[in-house]
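Shown next, in structure tokens, is the structure this report addresses.
Values in this text are rule-based calculations from the coordinates and carry no lab data. A quick note: this is a predicted structure, and the numbers were derived from the prediction, not measured. Backbone-built Cβ (ideal geometry, glycine too); neighbour counts: all protein chains shown.
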Amino acid sequence: MKLHQHLAQALVAHGTTHLYGLVGDANLFMVNAYVETGTGRYVACTHEANAVLAATGFAQATGRTGVATITHGPALTNVVTALAEAVRGGIPLVVLCGDTAPGDLQHLQNIDQREVVASVGAAFVEMREPATAIEDLDRAFRIAAHRRRPVVFNMRVDLMWEPVEPAKVMPVPPLTISPASGKALEDAAGMLASARRPLILAGRGACTPEARAALIELAARMEAPLATTLKAQGLFEGEPCNIGICGGLSHPTATEVIMQSDCILAFGASLSKHTTEERAYTRGKRVVQILPDAEETPRLDIPSLRLIGDIAGTARAIVELMDMAEIPGSGATADLADRLATEAADFAKIPAAAQTAPGTVDMVPALRRLHQALPAQRVLVADLGRFVTAAWRNLPVTRPQDLVYTSHFGAIGCGLGEAIGTATAITDRPTVLVAGDGGFTLSGLSELVAAVRERADMIVILCNDGSYGAEHVQFTNRSMSPKLAMIDRIDFAETCATLGFATVRVTDAASLDAACTAIADRTGPVLIDLRLDPEKIDM
């Protein structure tokens with residue numbers, strides 16, 4: 001057996017069902033061997049960055065380690081932003097990267113790949129020699145899964161045809177952790193005992209069925225409202241005292257409940273400035289943070305008390321302590337369900353459209369109309385831009401894994417690649433990509449052919465205001481001409497139609513109706529070009 005064949009079989013053994021990539025001389029034969037196994041799906045991309053982003057979208061939507069493959073040199077430098085996005089998001093990823101043979105000093109693509117990877121904070125695992133290749137690959141998968149980190153697995157191109165003896169693959173063992181216990185847990189229960197308006201907040205680290213059930217049980221015992229971070233949106237869907245997102249996207253009732261709370265139990269949440277509204281939501285309150293592991297992030301706020309332990313087990317342990325101490329419920333959820341039901345009914349109403357320039361539509365009413373036309377069960381991938389908060393607020397998802405977050409590194413243009421990874425992995429619901437015209441163009445329109453080729457159920461909603469939005473706002477706020485922030489209008493509907501998308505250009509109420517019909521009647525990828533007035537969009 002040749003090394004490239006053995007690596008392909010090892011990928012299958014590690015549960016790699018989708019391999020995203022762009023083939024080159026360093027990985028061509030391994031990809032071919034992977035395809036020939038007949039057990040995995042290779043999704044070819046037109047740019048290496050989108051291959052890595054697709055694997056990132058796959059990982060977020062499925063909860064499994066994403067796998068991408070690229071060649072050496074410029075292929076690696078092409079994926080630096082995508083790697084940084086995965087690093088900042090704590091997303092498990094293995095990137096199979098070729099490398100130049102040592103000693104070939106005049107090879108045009110020869111660079112110090114370890115230093116490139118180190119610059120963005122990703123892990124680097126060297127395939128030392130053919131005899132240790134599978135052992136090294138196993139280590140890459142363990143680091144990715146256990147440390148929630150992208151790993152570049154560096155493979156020398158000159159070794160791929162070396163003969164190897166079959167080696168046993170060691171699958172990644174499950175990472176188990178005990179519930180929090182001892183004095184810290186007793187201190188947390190003590191804080192709850194004196195709380196009059198407690199609040200339970202869940203982040204992405206609490207998004208398992210077991211954790212959900214345990215937190216709902218704890219909330220009922222405490223008589224406390226339930227809230228989530230943006231990335232855990234939909235975790236408590238259907239619960240009567242679910243106030244939704246805590247942070248800048250909070251609805252009025254949620255904001256009132258959060259501000260009135262005196263003790264917050266944050267499970268699996270990093271307490272970022274977006275969740276705490278620059279600490280306005282936590283200032284003067286007792287905050288107990290329960291994390292499922294000790295991995296730190298630079299976004300952490302400082303809680304009153306921090307516990308490390310299994311989320312579900314810790315929540316159940318708190319219930320047991322409350323029962324033992326006969327701590328009564330808080331009564332903080334009285335009449336809350338009725339108030340939330342009223343607010344939900346108001347959200348179902350499409351707001352009146354504001355006056356905009358001829359040939360454009362008001363963004364929020366348009367998104368709300370598309371929300372009603374889309375299937376309730378869908379995946380949302382929102383690229384970064386001044387439209388993004390409106391997208392998150394007006395196109396909500398009903399479970400956390402259906403929100404693919406692309407803004408960890410603050411880079412526009414990551415959405416299309418991640419949407420392709422999501423749409424090729426999730427087949428029982430459509431993937432909805434919301435992007436601005438600047439980020440959509442930056443991401444590489446040629447990548448749309450991958451969505452067409454893979455017959456992806458993808459709906460692209462393009463917020464097309466003919467500008468780079470954030471820069472437009474800065475110029476306008478300083479009473480300067482926004483001319484430099486404007487983009488020459490691209491006819492995305494016509495352009496994307498040539499690539500195989502069904503397209504609708506939305507310029508008025510009638511064409512918005514046509515877009516809703518196109519969603520219902522779709523048989524493949526659809527692009528909806530929302531023409532917006534750059535002067536009438538709020539950040």
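Counting other Cβ atoms within 10 Å, which GluC sites (Glu not before Pro) in region 283-371 have at most 16 and lie in a DSSP loop?
Taking region 283-371 and a limit of 16 other Cβ atoms within 10 Å, the loop GluC sites (Glu not before Pro) found are GLU295, GLU296, GLU326.
Give the distance, in whole Å, between the Cα centre of region 192-242 and the Cα centre of region 361-386.
Measuring centre to centre over Cα atoms gives 26 Å.
Among GLY73, VAL287, ALA470, flag the residue with its Cα farthest along the positive direction of the charge dipole of the chain, charges on Cβ as +1 for Lys/Arg and -1 for Asp/Glu.
Of the candidates, VAL287 comes out farthest on the positive side.
For region 283-351, what does the alpha-carbon gyration tensor say about shape, rounded, prolate or oblate, given a ≥ b ≥ c as the root eigenvalues, a/c under 1.5 as rounded, and a/b over b/c as prolate?
Oblate is the answer for region 283-351, as a/c is 1.5 or above yet b/c matches or exceeds a/b.
Kindly state, to the nearest 0.05, the FRET efficiency for VAL319 paired with ALA348, given R0 = 41 Å and r defined as their beta-carbon distance.
The formula returns an efficiency of 0.75 here.
Taking 7 Å along the Cα-to-C-beta vector as the label spot, tell me the GLU210-GLN106 distance in nanometres, rounded to one decimal.
Between GLU210 and GLN106, the label points sit 6.0 nm apart.
Under a cut-off of 30 Å between alpha-carbon atoms, report the lysines in cross-link reach of LYS168, not counting same-chain residues fewer than 8 places apart.
LYS2
In debye, nearest 20, what is the charge dipole magnitude of the chain about its Cα centre with +1 on Lys and Arg Cβ and -1 on Asp and Glu Cβ, if you could check?
Computed charge dipole of the chain: roughly 600 debye.
Under 17 Å from the Cα of LYS483, which lysines turn up, not counting those fewer than eight places away in the same chain?
Output for LYS483: LYS536.
Between ALA131, THR255, ALA515, whose Cα lies farthest towards the positive end of the dipole of the chain when Lys and Arg beta carbons carry +1 and Asp and Glu beta carbons carry -1, centred on the Cα centre?
Most positive-ward Cα: THR255.
What does the C-alpha gyration tensor say about the overall shape of the chain? Classify as rounded when a/c is under 1.5, otherwise prolate if a/b is larger than b/c, or oblate.
Judged from the Cα gyration tensor, the chain comes out oblate (a/c at least 1.5, b/c at or above a/b).
Going toward the positive end of the dipole of the chain, with +1 on Lys and Arg Cβ and -1 on Asp and Glu Cβ, which of GLN233, CYS496, ILE143 do you reach last?
It is GLN233.
With the contact rule set at Cα under 8 Å and sequence spacing of 6 or more, what percent relative contact order holds for region 183-339?
Once divided by the residue count of region 183-339, the mean separation gives 30 percent.
With +1 on each Lys and Arg Cβ and -1 on each Asp and Glu Cβ, and nothing else charged, work out how big the dipole of region 408-539 is about its Cα centre, in Debye to the nearest 20.
Around 140 debye, computed over region 408-539.
Using Cα centres only, tell me the gap between region 405-419 and region 300-330 in whole Å.
35
So for each of 221-228, 280-287 I average, over its residues, the number of other beta carbons within 10 Å; can you give me the resulting order with the highest mean first?
Result, highest mean Cβ count within 10 Å first: 221-228, 280-287.
Note down the magnitude of the dipole of region 3-159 about its Cα centre, charges +1 on Lys and Arg C-beta and -1 on Asp and Glu C-beta and zero elsewhere, to the nearest 20 debye.
The dipole magnitude comes to about 700 debye.
Name the lysines eligible as straight-distance cross-link partners of LYS273: C-alpha to C-alpha under 17 Å, and not fewer than 8 places from it in the same chain.
Answer for LYS273, where 17 Å is the Cα cut-off: LYS231, LYS285, listed by chain and number.
Looking at region 342-391, which trypsin sites (Lys or Arg not before Pro) are in a loop (DSSP not H, G, I, E or B) and have at most 16 other Cβ atoms within 10 Å?
LYS349
Which of rounded, prolate, oblate describes region 86-165, given a ≥ b ≥ c as roots of the alpha-carbon gyration tensor eigenvalues and a/c under 1.5 marking rounded, otherwise prolate only if a/b is larger than b/c?
In terms of gyration-tensor shape, oblate.
Quick check: pseudo-label points 7 Å beyond the Cα along Cα→Cβ at ASP428 and ALA510, how many nm apart are they?
With each label placed 7 Å out from Cα toward Cβ, I get 4.1 nm.
Report the full-extension gain for the segment ARG478 to GLN260: residue separation times 0.36 nm, less the Cα-Cα distance, to one decimal in nm.
74.8 nm
Stokes-Einstein diffusion coefficient for region 350-536 at 37 °C in a medium of 0.692 mPa s, Rh from the Kirkwood formula over Cα pairs: what value in µm²/s?
So the translational diffusion coefficient is about 200 µm²/s.
With an 8 Å cut-off on Cα pairs and a minimum separation of 6 or more residues, tell me the relative contact order of the chain in percent.
So the answer I get is 13 percent.
Sort 65-73, 3-11 for me by packing, meaning the mean count of neighbouring Cβ atoms within 10 Å per residue, highest on top.
65-73, 3-11
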